[in-house]
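Below is one structure, written out as C-alpha cells; the observations come after it.
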Amino acid sequence: MVERNIKKPPGCSLIEVDGVVHEFFKGDRLHPRSSEIYKMLEDMISRLKIAGYVPNKSEKLAISFGLISTSPGTRIRVVKNLRVCNDCHSAAKFISKIYSREIVLRDRNRFHHFKDGLCSCKDFW
C-alpha cells in the first residue's frame with residue numbers, strides 16, 4: 001500500500017440517537033458533548049479493567065455516546081466502516097454485560113449482536 005501511495009481510510013464508527021447520526025474517529029474530540037463522552041469512556045474503561053479487560057478506538061467512543069444518550073436498556077446500534085478488531089470486539093462483549101445493554105455493531109463484513117457478554121458470531125469472524 002505504501003509503494004502505491006494508497007492510504008487506508010481512518011476507522012470511524014457511526015451511531016444514530018433520536019434520528020441523528022453521529023460519527024466518531026479514534027481520539028475524536030469534535031463532538032459538542034465530547035467532555036461527557038470522554039467522562040463516560042473513562043467510567044466504562046475503569047469498569048472494564050475491574051472486569052479484567054485492558055482497553056481506545058472509534059467504536060468505544062460511539063458506544064460511550066450511546067450509553068450517555070439513551071435510556072438504560074435501550075439497544076445501541078453502531079456502524080463501523082472497517083472490520084471490528086479483536087480489542088473492540090472483546091470490549092463490546094464486556095460492555096454489553098457490565099451495562100446490561102444489547103449492542104449491535106455492523107462492521108464491514110457482518111452484524112455483531114452483543115448481549116450479556118456474548119456475541120452472535122460466537123467469536124468467529
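Where a number appears in this text, it was derived from the coordinates with a stated rule and is not lab data. Worth saying up front: this structure is predicted, and the values here are computed from it rather than measured. All Cβ positions, glycine included, derive from the backbone under ideal geometry; neighbour counts span all protein chains shown.
Each of Ile68, Ile95 was scored by other Cβ atoms within 10 Å of its Cβ. Arranged with the fewest first, they read Ile68, Ile95.
Taking all C-alpha pairs of the range 10-49, those more than 10 Å from each other amount to 75 percent.
Residue ranges 87-94, 108-115, 16-23, 58-65 sort as 58-65, 87-94, 108-115, 16-23 when ordered by packing (mean number of other C-beta atoms within 10 Å per residue, highest first).
In this structure, the residue pairs whose Cα-Cα separation is over 27 Å, taken from Lys7/Lys97; Lys57/Lys115; Lys7/Lys115; Lys8/Lys57; Lys49/Lys80, are Lys7/Lys97; Lys7/Lys115.
Label zone of Ser46 (point 7 Å out along Cα→Cβ, amide N under 20 Å): in the range 76-102 this covers 91-92, 94-101.
Straight-distance candidates among the aspartates and glutamates for linking to Lys26, with alpha-carbon spacing under 14 Å and chain neighbours fewer than 8 residues away dropped: Glu59, Asp87. Sparse packing (at most 14 other Cβ atoms within 10 Å of the Cβ) combined with a DSSP loop state is found for the following trypsin sites (Lys or Arg not before Pro) in the range 10-40: Lys26, Arg29, Arg33.
Computed from backbone phi with θ = phi - 60° and the Karplus coefficients 6.51, -1.76 and 1.60, the 3J(HN,Hα) list for the range 60-77 is 5, 4, 5, 5, 4, 4, x, 5, 8, 10, 10, 5, x, x, 6, 5, 9, 10 Hz; x is used for glycine and proline.
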